[in-house]
Structure formats: C-alpha cells, structure tokens
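Structure first, commentary second.
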Amino acid sequence: MNVPKPQAPDTLFRRARGECGLASGTDLEHRLLAASAIAREAGALARRRFRDRPSALAIAFKGPQDYVLASDAEVEALIRLRLHEAFPEDAFFGEEEGGALGQSGQGAWVVDPIDGTANFARGIPHYCVSLGFVRAGEALIGVIYDPAHNQLYAAARGRGATLDGEIIRVSGLGDMAQTTIEAGWSTRVPHEAYVGVVARLKQAGAAVRRGGSGALALAYVAAGRMEAYVELHMNAWDALAGLVLVREAGGWVNDYLAGDGLTKGNAILACTPELAAVLRELTAVC
C-alpha cells in the first residue's frame, strides 16, 4: 500500500487555517486545523481512486448492501498515519481497521475514510471523508470533506461551523410543509421501522430523500441545505463529525452518545431547533 509523502505540517496548517476561518492557538484549534488538512489529503486520494474505477476497484461485501473496497482501507491507513504523526498520544478508531478509543479522558479520533461507499463503488460522486474527535464523552471536533465538490465542512466546540472558511447556519425552517429531510437506512433495524418513519414524515408534509452518505447529509443540515437528518441506527464513525457541525451551526441534535452510542452506535436526529419537537414525535428519536 502506497501512502503519499507527507507535506510539511506548517504548510498544511497554514492552508487549513484559512479554510476553517481560525487563527490557531489552542489545543482544540490545533487539532481542527490538522484534521482539516488531513481530510483534504485523504479526500484527494479517494478522488484519485474514484477516478480510476473500475480497473483499480476491488468490490466485496460484508453483508447485504454493505460494500467493502480496497480504497476504504487505503484512505483510512493514510488518515491513521497522519493523525499519529501529529498527535501520537491520541487514540484512533476507524470503520475499516478498528482501533481503540483509549482511556476515559483521552482524546480519540473516530474516522470514516469513505462514507457513501455504495455510491463510490457505483461511480456516484456523493461520498465524503469524515473525522470526529471525542474526549471525555463529548464530541469536540467535526471535519467532513466532500472530494467531488472540493468542499470542506469544519467545526469545533464553541467555534461555530464553516464551509470553506465561511460561517454556516442551519436553515431555521419550522414548517413541515416546507422541509426537506433525509432519512438514512440501516440494515441493523427492521425494514418496517424505516418505512414507518418515512411514511410519517411524508404524511406530515416533508419532502423525504436518501442520498447514501449520512455524514454528508449531516453536513448539508449544518449548511442549511436540508432541515433534518434521521437514522434509526448510525455508527459513531459516520455520526460524530456531523453532529458537531450541526450543533455548532445552531441546530438541535439528540443525545447520540448516550449509553453505548460511541462504541455500538445509536439512533440519530439532527435538525433545525424549530423542528425538534415534531420530529422527535414523528421519529421516536430522543
């Protein structure tokens, strides 16, 4: 497996600083800048592998509609290496190769190298790189990079959320008849439960869609492109970065990390504050 030669950290951080709208200084800001630079580098690798498909694409399945690509492991290995170079004391947990979340109070990176693998495998340019940072049970940093559109979403606790350096906010819509909501599908819950949620949302007047990348959908909610994202079970590597983005963009998010959410996943609901009450009732996600 060939891992690209690293760029000088100062070069990466200077570029990322402008993209995040930050002046570096604190520990959290340093990690945000590093994650932004790493996400871009990993996204560039993913974009090259996407461009080279299908000749360089080895497709396998973990289970029904659950794709495994060599590209996922390759991109994750790059992210793991870069994060270890920058923060050797941090733990790492990735979708492909796993890892350890570390001791209580130790920071950990929770990473999905390519979220939207089914889209990626079929040549649909709707996928992303997702990096979340959690410490002491709180999601503190979220970075999502969309390689197909060269867009970087970044957020850190108390610092707001940005898209390519510009502040973003949730849409603020509260009328169900004007909303667009994405409902993510998971093989880990009964099919009937998903169909029921979609039916209730439609009956309430929402336009319901499914794009195939939960992390990118959460970024869209943060940017005001959609009003809500709901999924009855979502793994932490897909969810954490987007939750930080939505929260810092002024949105409402459920207590995703409750119980074993970090290690076993949980239901997720992220939306405008104006929709929180009605969507909690319609989806039964609290």
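Of all residues being out of contact with any strand residue (DSSP E or B) (no Cβ under 6 Å at 6 or more places or on another chain) and outside any loop (DSSP other than H, G, I, E, B) in the stretch 170-190, which is nearest to residue 231 (Cα to Cα)? Just the residue, please. Here the residue is 176. Does the stretch 186-209 contain any residue that is in contact with a Phe, Trp or Tyr (Cβ under 6 Å, 6 or more places away or on another chain) and either in contact (Cβ under 8 Å) with a residue 60 or more places away in the chain or closer than 23 Å to residue 110 by Cα (or both)? Checked against the condition, which is being in contact with a Phe, Trp or Tyr (Cβ under 6 Å, 6 or more places away or on another chain) and either in contact (Cβ under 8 Å) with a residue 60 or more places away in the chain or closer than 23 Å to residue 110 by Cα (or both), the stretch 186-209 yields no hits at all.
Of the numbered criteria (1) at pLDDT below 85; (2) over 22 Å from residue 142 (Cα atoms), the one residue 18 fails is (2). Determine if the stretch 191-204 includes at least one residue that is surrounded by fewer than 16 Cβ atoms within 10 Å (Cβ to Cβ), at pLDDT below 95 and outside any helix (DSSP H, G or I). No, there is no match, as no residue in the stretch 191-204 is surrounded by fewer than 16 Cβ atoms within 10 Å (Cβ to Cβ), at pLDDT below 95 and outside any helix (DSSP H, G or I). A Cβ distance below 6 Å, combined with a sequence gap of six or more or placement on separate chains, defines the contacts here; from the stretch 28-42, residues that are in contact (Cβ under 8 Å) with a residue 12 or more places away in the chain reach residues that are in a helix (DSSP H, G or I) and among the aromatic types (Phe, Trp, Tyr) in the pairs 33/13. Filtered by the rule that a residue be of a type outside the set (A, V, I, L, M, F, W, C), at pLDDT 95 or above, more than 21 Å from residue 194 (Cα to Cα) and not in a loop (DSSP other than H, G, I, E, B), the stretch 243-286 gives 247, 248, 273, 274. Scanning the stretch 210-240 for residues that are within 20 Å of residue 158 (Cβ to Cβ) and in contact with a helix residue (DSSP H, G or I) (Cβ under 6 Å, 6 or more places away or on another chain) yields 218, 219, 221, 222. Screening the stretch 234-258 for residues that are β-branched (Val, Ile, Thr) and under 13 Å from the mean Cα position of the chain (by Cα) and picking the one that is surrounded by the fewest Cβ atoms within 10 Å (Cβ to Cβ) gives 246.
The values are calculated or read from the model by the stated rules, or taken from the named source; none is laboratory data. Everything numeric in this text was worked out from a predicted model, so none of it was measured. Using ideal geometry, Cβ is built from the backbone for each residue, glycine included, and neighbour counts are taken over all protein chains shown.
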